[in-house]
1. What residue, among those in region 54-90 that are among the β-branched types (Val, Ile, Thr) and within 27 Å of Ala134 (Cα to Cα), is modelled with the highest pLDDT?
2. Can you pull out the residues in region 272-295 that are crowded, with 18+ Cβ neighbours inside 10 Å and aliphatic (A, V, I, L, M)?
3. From the set of residues in region 236-268 that are out of contact with any Cys (no Cβ under 8 Å at 6 or more places or on another chain) and part of a helix (DSSP H, G or I), which is farthest from Pro199 (Cα to Cα)?
4. Return the residues of region 273-297 that are in a helix (DSSP H, G or I) and in contact with a His (Cβ under 9 Å, 6 or more places away or on another chain); say none if nothing qualifies.
5. If a residue counts only when it is at pLDDT 90 or above and under 23 Å from Thr246 (Cα atoms), which helices (runs of 4 or more DSSP H) contained entirely in region 108-227 have at least 2 such residues?
6. In region 241-293, which residues are among the charged types (D, E, K, R), closer than 30 Å to Phe113 by Cα and in contact (Cβ under 8 Å) with a residue 12 or more places away in the chain?
7. So in region 48-69, with the set limited to residues that are surrounded by 11 or more Cβ atoms within 10 Å (Cβ to Cβ) and either among the acidic types (Asp, Glu) or outside any helix (DSSP H, G or I) (or both), which one is farthest from the chain's Cα centre (by Cα)?
8. Exactly one of these conditions fails for Ala247: (1) closer than 26 Å to Ser35 by Cα; (2) over 17 Å from the mean Cα position of the chain (by Cα). Give me its number.
Amino acid sequence: MQYFIRLHHRLNYMAYLAVVRSIGLLGARRYYRLSALLYFLLYKILRYRRKVVRKNLSYVFPHYDKAQLRAIERAYYRHLAHSLIDIVLPMHLSPEELLERYTIDNPEVLDEFYRQGKSVILAASHYANWEWAAYALPLLTPFEGKTIYQPLSNPYIDRHVKKMRARFGFQLISVRYAGLLFRRLTRPTILGFICDQSPWDLQRAVEVQFFGKPLYSLSGPERYARRFNLPVLYIEVQKLGAGRYTAHLHVIARYPRNIPQGQIMQEIYRILERQIRKDPPYWLWSHRRWKHQMRYD
């Protein structure tokens, strides 16, 4: 049985590498032109999680009519096609090319914390582009960079993604070692978290209001911030076009122990909700975000 699992992982890894290397052969500009084909495959042929997307959109925007919801849905799948390209494109970009495509308008807000010798928690969400901050920040700041993540089920792809991320200076650290990482910090470090995933442990979750509805949220960014008294920032990313983004850093909490329980995560979701209401297609609608509140089958 283990042999067939490993074989399956290897075959998937080979297919993954074929896509990655094709981007290098085609070049970014021409590859983004092929996103129309990828959109057609995801939306029309595979119908990838279309029921999940429709259920999420109807849940969040109950006052929208069918035409409005379908327009957002189609725009989302076009963005999803771009996002899949965005995952592997940095392998083929120089640092200069990356910073032309992904700008951060206020990286200087980190200077205050670096001068104080503080590490910071950087919360991000599945909006617009949640990958490239990990590549851009090490080029713009003197901080070390580490992202807390859930390892991929395919160990071959997981190793490749970790190697790719390290190319620009950010390390991926498994969530199972997060506590150890925080205890062993020796120099100012940006500690990245994706915060808008469904929590796997409701005992550690925090409840927030999101689109006027109660939502269980991961508590990691707030929990570790309180435990180690680390500032919390949120990175707000806007999409300018295919493969082009700009980001803004929000200081959510300088002294997290002075802030009421749950307020840090609530402020993060407040900003995220504002982003989604402004430009709905750029959030990850195919994620079963409300699986603790409703059924998706």
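The values are calculated or read from the model by the stated rules, or taken from the named source; none is laboratory data. This is a predicted model, so every value here is computed, not measured. Heads up, the Cβs are rebuilt from the backbone with ideal geometry, glycines too, and the neighbour counts pull from every protein chain shown.
1. Within region 54-90, the first condition is being among the β-branched types (Val, Ile, Thr), and the residues that meet it are 60, 72, 85, 87-88.
Now drop any that are not within 27 Å of Ala134 (Cα to Cα), which leaves 85, 87-88.
Values: Ile85: 85, Ile87: 82, Val88: 78.
My answer is Ile85.
2. Those that are crowded, with 18+ Cβ neighbours inside 10 Å and aliphatic (A, V, I, L, M): Leu272, Ile276, Leu284.
3. Of everything passing the filter in region 236-268, Asn258 is farthest from Pro199 (Cα to Cα).
4. Pro281, Tyr282
5. Here the list reads 111-115, 133-140.
6. From region 241-293, those among the charged types (D, E, K, R) are 244, 254, 257, 267, 270, 273-274, 277-279, 288-289, 291; that's our starting set.
Now narrow it down to the ones that are closer than 30 Å to Phe113 by Cα: 244, 254, 257, 267, 270, 273-274.
Scanning region 241-293 gives Arg244, Arg254, Arg257, Glu267, Glu273.
7. First, the residues of region 48-69 that are surrounded by 11 or more Cβ atoms within 10 Å (Cβ to Cβ): 48-61, 64, 68-69.
From what's left, either among the acidic types (Asp, Glu) or outside any helix (DSSP H, G or I) (or both): 48-49, 61, 64.
On the way: Tyr48: 19, Arg49: 19, Phe61: 23, Tyr64: 27 Å.
Here the answer is Tyr64.
8. Answer for Ala247: the failing condition is (2).
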